[in-house]
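K.L.:
If you scroll down you'll find the structure; I have some questions about it.
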Amino acid sequence: QVQLVESGGGLVQAGGSLRLSCAASGRIFSFDTMGWYRQAPGKQRELVAIITSGGSANYADSVKDRFTISRDNAKNTVYLQMNSLKPEDTAVYYCNALVVLGYRNYWGQGTQVTVSS
C-alpha cells in the first residue's frame, strides 16, 4: 500500500507564492512519473505539471513560466513551486504517482489552494 501526503496549501493573495510538497510512504516503488493535478469547483480535474524519474517535466499552458515541478527520488517526494499566483489557480491540488508496469496509479487526498484577488 502506498500513501501520498500533500502539504503546503493555503490562502495567498494574487501575485504571491506557495510551495506544495507530496511525500510517498508505505510500500514504495520507483515511480515512473509524479505530478500535480487540480480541480476547481464545478470543473474537471486537470493536469498541472508532471515529471519523470529522469527529471523531464511538462506543464499545462496556464501555469508555464509560473510553476516549477521538481522531485527528490531518494525521498520519493515531489514539489510544486507556484509563483505569481492568480485567482484562477484556486483549486484543490492533488498529488499523483504512477508506476507504468502493472499500471499502479496513486493519488493524494488533496490540498486546498486559495488565491484572493
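K.L.:
If amide hydrogens are placed 1.01 Å from N in the peptide plane, which non-local residues have theirs closer than 5 Å to the one on LYS86?
P.N.:
Counting only residues 5 or more places away or on other chains, the set is GLY15.
K.L.:
From the residues PHE31, ASN58, LEU85, which one has its Cα farthest along the dipole of segment 1-92 in the positive direction, the dipole being from +1 and -1 charges on Cβ of Lys/Arg and Asp/Glu about the Cα centre?
P.N.:
PHE31
K.L.:
Using a Cα-Cα cut-off of under 17 Å, which aspartates and glutamates could be cross-linked to LYS64, ignoring same-chain neighbours fewer than 8 residues away?
P.N.:
GLU46, GLU88, ASP89
K.L.:
Same structure, new question: With every atom except the alpha carbons ignored, what do you get for Rg and Dmax of the chain, in angstroms?
P.N.:
Values for the chain (Cα only, Rg and Dmax): 13.6, 44 Å.
K.L.:
Determine ³J(HN,Hα), in whole Hz, for all residues of segment 87-103 in sequence, where each value follows from phi through the Karplus function 6.51 cos²θ - 1.76 cosθ + 1.60 and θ = phi - 60°; x replaces Gly and Pro.
P.N.:
For segment 87-103, the Karplus curve yields x, 6, 7, 4, 4, 8, 9, 10, 8, 9, 9, 10, 10, 5, 5, x, 6 Hz.
K.L.:
Here's something else I'd like to know. Grab the alpha carbons of segment 55-117, take their convex hull, and tell me the volume per residue in Å³.
P.N.:
Expressed per residue, the convex hull around the Cα atoms of segment 55-117 is 109 Å³.
Bear in mind these aren't lab numbers, they're just calculated from the coordinates by the rules spelled out. All values reported here derive from a predicted model rather than from experimental measurement. Counting neighbours? That spans all protein chains shown, and the Cβs are built from the backbone with ideal geometry, glycine included.
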